[in-house]
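Take a look at the structure set out below.
Values in this text are rule-based calculations from the coordinates and carry no lab data. Since the structure is predicted, the reported quantities are computational estimates derived from the model, not experimental observations. Virtual Cβ from ideal backbone geometry, glycine too; neighbours counted across all protein chains shown.
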Amino acid sequence: MAIFVNQNTKVMVQGLTGGQGKYHGLRNKAYGTQVVGGVTPGKGGTDVEGIPVFNSVAEAVAATGADASFIAVPPKAASAAILEAAAAGVRFVVCITEGIPAQDEAKVYNTLVRDYPNTRLLGPNCPGIISPGKCNIGITAGEIAELPKPGKKNVGIVSRSGTLTYQALYELKQRGIGVSTCVGIGGDPVPGTNFIDCLREFQADPETDAIIMIGEIGGSAEEEAAEFIKANVTKPMSAYIAGVTAPAGKKMGHAGAIVSGGKGTAQGKMDALRAAGVKVGQNPTEAGDLMSEIIKSIS
Amino acid sequence: MDLFEYQGKQYFARYDIPVSPGGAADTVDEAVKVADRSGYPVVVKAQVQVGGRGKAGGIKLANNAEETRFHANNILGMDIKGHVVKRLWVEHASDIDEEYYASFTLDRAAKKHLLMLSAQGGVDIEEVAEKDPDAIVKLHIDPVDGLSAAVARTAAVDAKIPDKALDGVASILVQLYRCFTEGDCDLAEINPLILKPTGEVHALDAKVSLDNNASFRHPEWEEYRATEELDAREQLARTHDLQYIGLDGTVGIIANGAGLAMSTLDVVNQVGGKAANFLDIGGGANADVMAAALEVINFDQNVSSIFINIFGGITRGEEVATGIVEALSRVDLRAPIVIRLDGTNAEQGREILKNAGIPESKLVSKPTMLEAARAAVALSNGK
């Protein structure tokens, strides 16, 4: 088991003929992901190293049965690409594009909620999702993800930051702890999938025994997650929040990572998570150590 | 990007939001010219992006050219909480009957636009929210639907805006919402929104924050970028297109990824040091990017050690190492580097650094983030 994706997920890449799409799409395929097609308007009928390219998402879906999409197109084109995938009935859309205007994101999010409730958007501005050994959609280097181990305790990861997602994968690999699924929800103000969506899935996933959550300053997603954890998550968790020392009023690299009006501080988020029973580390390594202890205690 | 008041007012004017007649001035003579044109009495206002301008003496009323000259002369060059006043906004002083508050932001939790409207304006809205929360109407707007004139009017009624000001306020709300959405603002705020004895409603102040991600469709923002309050380090970083924020510590930071960069600042702090900056060099840490990053760090005279924190995912360790070696041959650094290189092909990367013949006084490699932070802080403290 895994959440959102598995070995049967069929992925098409919107923007497969572009630099990013080609590089990461081929890497995903080499990892073992079923990358069944690509979409680039005007380039239908061609192929990228054997992967057929279509003019539209609808054509690609009809021809390949793709149920997931990987969007790697520039910010200007990303909103339309997401909505095109949703309109074609794609169930799971991963958008790695960084730099989409917040107004566009808010519109896309609410359009999906209203008109395409069966489509889940992951991102934008996220590293993607990997279920080690089964499916890798996005830019995560597959080799740093430890395979889930049958008969042992495995961990689910959900994170707002790309590099800290890798760091979390690496911390677990160092300790030989298997990963069920690792989801990067992205650092933008209006993510399509939030912590709670992932926590709900991890809680229900029989392969996931414990969860690591990595948050950062800005917004209130971690506080809302803490409320959800208190009421709904029984699996043990460790967490790390980046940005304790970030100055107020500055966007720290991610569009959503900003402390404004005294709200969205790392301290507030850590307090909320601790109050929900989550073990919070002061740095990613400590969060890994805490997870090690958790795994020992439940094994 | 935060706009100055005068820019916010100019931005408002693009969306037909009424503001007082006035203009920006960089000299005393210009201020008097603008005042003559706008009609006395005028208000002379310091243009700095910090609260409490009035208390600091940065906002003055002038009844004639002589008073304008006097106040402009005092305010230009004034230091308000570390911000030196270089520009004034001079506008015709309005007669005020009532003061309201209006703003649009994105409510990240609700994932909808949020209108906040109050009949109690002209004061700190946070204070109103605390003392009298019912005095603020909060209305969520679905970005797909937008804000209609009818809904705007209902909000104004709910906020107890008096009848005589309803039409004016409702119309400004619709225009301000257009400014917020089409103008790609993170925040569009009017405080105070005033009712004049003549019955007109208009914006007496403007607080606008723009979404940098939307700059590709706003060529008109170019002039705002030119006046952004950046320190010399941030200016240099901008010329290299680097994600840099200047801080006041002594450990220069270079990391790949925003989350990791934030985390690096935290870890340095945990082991007793202080970061000199936030710098995210992103995914592809090639020699050009690394050299540019080191140049910016080196420019900061407070930096006494440099902590390069790289986690190779897609970025490979050997590429990063090669980049650093090449960058070091181009930039003559004042401070020693501590590097933590981890992830994909990290061992090969460390090998390259070891064999590059860089003396240990210039570059030390540490296996973990914590150890590297400790070493960088110790070096920074002269140990």
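So which residues in the range B:325-380 are assigned to a helix (DSSP H, G or I), among the hydrophobic types (A, V, I, L, M, F, W, C) and either within 14 Å of chain A (Cβ to nearest Cβ) or within 19 Å of A:Lys173 (Cβ to Cβ) (or both), if there are any at all? Within the range B:325-380, B:Ala346, B:Met369, B:Leu370, B:Ala372, B:Ala373, B:Val377 qualify. Selection within the range B:357-378: residues that are of a type in the set (A, V, I, L, M, F, W, C) and touching a Lys or Arg at 6+ places or on another chain (Cβ under 7 Å). The member of this set that is farthest from A:Ala287 (Cα to Cα) is B:Ala375.
Residues of the range B:230-244 that are out of contact with any Leu (no Cβ under 8 Å at 6 or more places or on another chain), surrounded by 13 or more Cβ atoms within 10 Å (Cβ to Cβ) and closer than 29 Å to B:Phe12 by Cα: B:Leu230, B:Glu234, B:Gln235.
The set of residues in the range A:240-255 being of a type outside the set (Lys, Arg) and more than 7 Å from every other protein chain (Cβ to nearest Cβ) consists of A:Tyr240, A:Ile241, A:Ala248, A:Gly249.
It is to be established whether one or more residues within the range A:273-285 are part of a helix (DSSP H, G or I), free of Cβ contacts under 8 Å to residues at least 40 places away in the same chain and more than 21 Å from the chain's Cα centre (by Cα). Yes - at least one qualifying residue is present in the range A:273-285. Among the residues in the range B:5-27, are any charged (D, E, K, R) and in a loop (DSSP other than H, G, I, E, B)? Scanning the range B:5-27, I find at least one residue that is charged (D, E, K, R) and in a loop (DSSP other than H, G, I, E, B), so the answer is yes. So which residues in the range B:213-233 are out of contact with any helix residue (DSSP H, G or I) (no Cβ under 9 Å at 6 or more places or on another chain) and assigned to a helix (DSSP H, G or I)? B:Pro219, B:Ala226 - these are the residues of the range B:213-233 that are out of contact with any helix residue (DSSP H, G or I) (no Cβ under 9 Å at 6 or more places or on another chain) and assigned to a helix (DSSP H, G or I). Scanning the range B:137-158 for residues that are more than 14 Å from chain A (Cβ to nearest Cβ) and either of a type in the set (S, T, N, Q) or closer than 25 Å to B:Glu182 by Cα (or both) yields B:Val137, B:Lys138, B:Leu139, B:Ser148, B:Ala149, B:Ala150, B:Val151, B:Ala152, B:Arg153, B:Thr154, B:Ala155, B:Ala156. Evaluating A:Thr245 against the criteria (1) crowded, with 20+ Cβ neighbours inside 10 Å; (2) under 21 Å from the mean Cα position of the chain (by Cα) leaves one unmet condition, (2). Among the residues of this structure, A:Ile139 counts as one that is within 12 Å of another protein chain (Cβ to nearest Cβ), under 30 Å from A:Ile294 (Cα atoms) and either surrounded by fewer than 21 Cβ atoms within 10 Å (Cβ to Cβ) or of a type in the set (Val, Ile, Thr) (or both).
In the range B:72-188, counting only helices (runs of 4 or more DSSP H) that sit wholly within it, the ones holding 3 or more residues that are touching a residue at least 24 places away in the same chain (Cβ under 8 Å) and not charged (D, E, K, R) span B:149-158, B:163-182.
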